[in-house]
Every structure is written in structure tokens, then in C-alpha cells.
1. Any chance you could count how many residues in region 9-33 are within 17 Å of residue 76 (Cα to Cα), surrounded by 15 or more Cβ atoms within 10 Å (Cβ to Cβ) and not β-branched (Val, Ile, Thr)?
2. When region 53-78 is examined, which residues are found to be over 22 Å from residue 11 (Cβ atoms) and open to solvent by less than 100 Å² (accessible area, probe 1.4 Å)?
3. So, restricting to helices (runs of 4 or more DSSP H) that lie completely within the chain, which ones have at least 1 residues that are touching a residue at least 12 places away in the same chain (Cβ under 8 Å) and among the acidic types (Asp, Glu)?
4. When you go through 36, 50 one by one, which is the residue that is within 17 Å of residue 18 (Cβ to Cβ) and either open to solvent by 70 Å² or more (accessible area, probe 1.4 Å) or touching a His at 6+ places or on another chain (Cβ under 8 Å) (or both)?
5. Within region 29-46, which residues are of a type in the set (Asp, Glu) and either closer than 15 Å to residue 57 by Cα or in contact with a helix residue (DSSP H, G or I) (Cβ under 8 Å, 6 or more places away or on another chain) (or both)?
Amino acid sequence: FTPRPDRQSAAERDQVHAWVRHGYRSPRKTLNNNVRDRLTALAWDDWLTRTGRDPRIRPRELTLADWQAMAQAAEAHP
């Protein structure tokens, strides 16, 4: 057996799951409204640039890669 090169550590997986839970706390609102208390404006702009998403996106429209990019943006811009 060889581990997958893109495999996440347990801490990274928990961090992404925390972002998903936080993003879905009000699923009908825009994602920005759900995460603005945990994500700086700089991190939000970085995430939008990385993913190429519309700022009015809703949580249900995100992929796992989008959630991972959000967690990374939050780490990069605390």
C-alpha cells in the first residue's frame, strides 16, 4: 500500500469539516453571510480568486476542493 499524495492529515480534515459545518449553519444564505465572522476580507478575496467563484455563492454550490481552498485561505490570512 502507498498513501495517496493528496491525502489530508486528520487535523486538515477536521479543519475543512469545521468550515463546512460553519458554512451550512444557514444554508439558504450566501456563503459570505455565513462565514464573514470567521474569515477576514483579505482571506475572502483570496478564496474568490483561487476558486473563481461568484461572491454570491451559496454553500450547496461548493465542492470539497472549494472548502479546502477556504480553509487554506483562512490559514494564509488570519
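1. Residues in region 9-33 being within 17 Å of residue 76 (Cα to Cα), surrounded by 15 or more Cβ atoms within 10 Å (Cβ to Cβ) and not β-branched (Val, Ile, Thr): 2 in total.
2. 53, 54, 55, 57, 58, 59, 61
3. Fully inside the chain and qualifying: 10-23, 41-51, 64-76.
4. Numbers: 50 fails: within 17 Å of residue 18 (Cβ to Cβ).
The match here is 36.
5. 45, 46
The values are calculated or read from the model by the stated rules, or taken from the named source; none is laboratory data. In this text the structure is predicted, and so the values were computed from the model without any measurement. In this analysis, Cβ positions are derived from the backbone assuming ideal geometry, glycine residues included, and neighbour counts consider all displayed protein chains. For accessibility, only protein heavy atoms count, side chains too; no ligands or nucleic acids. Shrake-Rupley method; radii C 1.70, N 1.55, O 1.52, S 1.80 Å.
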